[in-house]
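One structure below.
The values are calculated or read from the model by the stated rules, or taken from the named source; none is laboratory data. These figures come from a predicted structure and were not determined experimentally. Because the Cβ atoms are built from the backbone with ideal geometry, glycine has one as well, and the counts that use them run over all protein chains shown.
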Amino acid sequence: MSLSDAIFDYVIVGSGTAGLVMTNKLSAKGDVTVAVIEAGTFYQITNPVIGNTPAGETLFAGSSPLDTNPLVDWNFVTQAQAGANNRRIHYARVKCLGGSTVPSSLIQSGQTPSVMTATPGTRYPRISRRASSSHHPVLLALLMPVQSIAPTLSPAGGPLDVSYANYAQPFSTYLEPSLNEIGILQAQDFNSDELMGAQYCTDTIQPDSQKRESSQTSFLGEAIGRKNLKVYQLSLAKKILFDNNKRATGVVVSSNLGLTTYTLKAQKEVILSAGAFQSPQLLFIWQRPGVDKHIEDHVFFGPTWRVKVQTLTRLANDLIYTAAQFAIPYSILKQGPLTNPVYDFLGWEKTPRDLISAEAAAVLDNELPPDWPEIEYLTAPGYVGDFANLLLTQPKDGYQYATTLGGLVAPLSKGTVTLASADTKCRNISCPAAGRMTRVPGRLHIGLWRPWQ
């Protein structure tokens with residue numbers, strides 16, 4: 001591909017969750033030219049097999065700086081964090097077409113009416129139909145966890161496949177009645193306008209192949225043949241250009257290992273969708289106020305038990321068994337534990353008001369919509385610990401292990417993130433302060449304590 005200065009209507013930096021959705025929508029009009037800048041390439045090349053397999057989401061996503069695949073991971077690592085026992089924490093951020101839809105846990109859920117109407121003048125029904133039309137729902141009769149589940153997505157469908165894994169985690173069978181017992185009742189699904197309750201979750205999985213679905217396989221896959229779209233792979237955005245009116249006019253790009261530098265001009269807009277760290281990094285050089293503020297980190301944690309059902313512990317420790325599962329059940333029959341992205345059952349609830357102070361309850365009620373959950377519970381059939389490396393840290397004592405995770409899905413503590421340099425090659429996060437202090441004392445303890453009930 002010839003690399004030289006060029007002009008487009010839209011220049012999009014980053015080909016992840018948001019970038020490729022916008023790429024698809026904007027390039028749908030044949031008279032609109034679109035360029036997408038991506039530092040990586042196809043994850044099917046740089047992260048083969050693991051990137052496609054749903055159970056592979058447990059790899060290269062841990063908090064240990066060693067749990068990384070340098071071909072696909074930016075390998076962002078923090079300085080020692082006082083609030084995390086002075087650990088240097090690896091944040092998995094992916095460089096590939098598809099971005100962070102690739103190492104994600106594949107869980108697909110919707111929004112609630114109050115969140116969708118947060119923008120003045122926006123009506124929920126219209127937004128709901130538009131959002132759901134991006135998804136292609138598939139109901140599986142074979143080995144579905146619960147036969148009565150019927151997610152409410154647009155019947156018209158869209159490029160993104162949303163379905164169920166052809167295998168349900170045995171541990172989830174026991175978590176469901178446990179959550180029901182403490183008042184988290186069964187929900188119909190998590191794709192309509194209600195998130196409170198407990199239920200199996202749909203995943204971004206291609207139903208026929210049982211492979212991971214990403215924004216690359218779906219939204220880019222539908223648009224890749226359009227003549228008005230150009231994808232710049234293995235190309236790093238170095239600088240956003242502004243005119244005298246502080247309007248973004250283009251992007252300086254580096255390719256061929258830095259040997260080639262050129263400029264992509266935007267006649268209409270530069271769209272910055274480079275992720276939580278790199279989007280503000282590209283703006284640091286202009287000293288834009290607030291670009292490194294209001295960072296949220298969704299902390300999760302939970303107790304681990306020995307259990308008498310099969311979990312990730314066996315897949316991690318018995319590689320002969322795992323290879324056998326890949327050879328026939330997964331690759332040929334499209335069944336078995338490798339079709340499951342590990343986390344397949346969720347529970348959502350408001351923090352029980354009788355368990356927190358009146359002051360804490362007032363803060364939550366004032367800042368969060370009434371239909372938005374505050375705590376999430378996830379099945380994690382394996383040993384999680386400090387999330388350093390989900391594969392290598394599984395106990396090797398012959399037992400199976402499982403964890404019930406509690407997570408803060410509505411953190412009110414806001415932090416900052418500062419990278420050591422405005423150079424987009426820099427990977428050192430110097431000060432992610434999200435979650436250093438909590439405005440709702442006791443909520444962390446409840447997220448840990450409720451799974452013990």
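Structure summary
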quantity	calculated
Breaking point among (1) in contact (Cβ under 8 Å) with a residue 40 or more places away in the chain; (2) in a strand (DSSP E or B), for residue 249	(1)
Residue ID - surrounded by the most Cβ atoms within 10 Å (Cβ to Cβ), chosen from residues in the stretch 257-283 that are outside any helix (DSSP H, G or I) and on the phi > 0 side of the Ramachandran plot	258
Residue 359, sole failed condition from (1) assigned to a loop (DSSP other than H, G, I, E, B); (2) more than 21 Å from the chain's Cα centre (by Cα)	(1)
Residue within the stretch 232-240 that is farther than 30 Å from residue 57 by Cα, out of contact with any Cys (no Cβ under 6 Å at 6 or more places or on another chain), surrounded by fewer than 17 Cβ atoms within 10 Å (Cβ to Cβ) and at pLDDT below 95 present	no
Within the stretch 386-403, considering residues that are touching a Ser or Thr at 6+ places or on another chain (Cβ under 7 Å) and among the hydroxyl-bearing types (Ser, Thr, Tyr), the one nearest to residue 83 (Cα to Cα)	403
Unique residue being more than 23 Å from residue 91 (Cα to Cα) and outside the structural domain of residue 194 (by TED's automatic domain parsing) when the list is 353, 247, 314	247
Every pair of residues 6+ apart whose Cβ atoms lie under 7 Å, when the first sits in the stretch 223-239 and is under 14 Å from residue 10 (Cα atoms) while the second is among the polar types (S, T, N, Q) and assigned to a helix (DSSP H, G or I)	228/27; 229/23; 229/27
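Residues checked against (1) of a type outside the set (D, E, K, R); (2) modelled with pLDDT of 95 or more; (3) not in a loop (DSSP other than H, G, I, E, B):
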{"position": "351", "(1), (2), (3)": "yes, no, no"}
{"position": "364", "(1), (2), (3)": "yes, no, yes"}
{"position": "376", "(1), (2), (3)": "no, no, yes"}
{"position": "413", "(1), (2), (3)": "yes, no, no"}
{"position": "421", "(1), (2), (3)": "yes, no, no"}
{"position": "425", "(1), (2), (3)": "no, no, no"}
{"position": "435", "(1), (2), (3)": "yes, no, no"}
{"position": "439", "(1), (2), (3)": "no, no, no"}
{"position": "446", "(1), (2), (3)": "yes, no, yes"}
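Okay, residues lined up against (1) buried (at least 17 other Cβ atoms within 10 Å of the Cβ); (2) in contact with a Gly (Cβ under 6 Å, 6 or more places away or on another chain); (3) not hydroxyl-bearing (Ser, Thr, Tyr):
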{"site": "316", "(1), (2), (3)": "yes, no, yes"}
{"site": "322", "(1), (2), (3)": "yes, no, no"}
{"site": "347", "(1), (2), (3)": "yes, no, yes"}
{"site": "365", "(1), (2), (3)": "no, no, yes"}
{"site": "376", "(1), (2), (3)": "yes, yes, yes"}
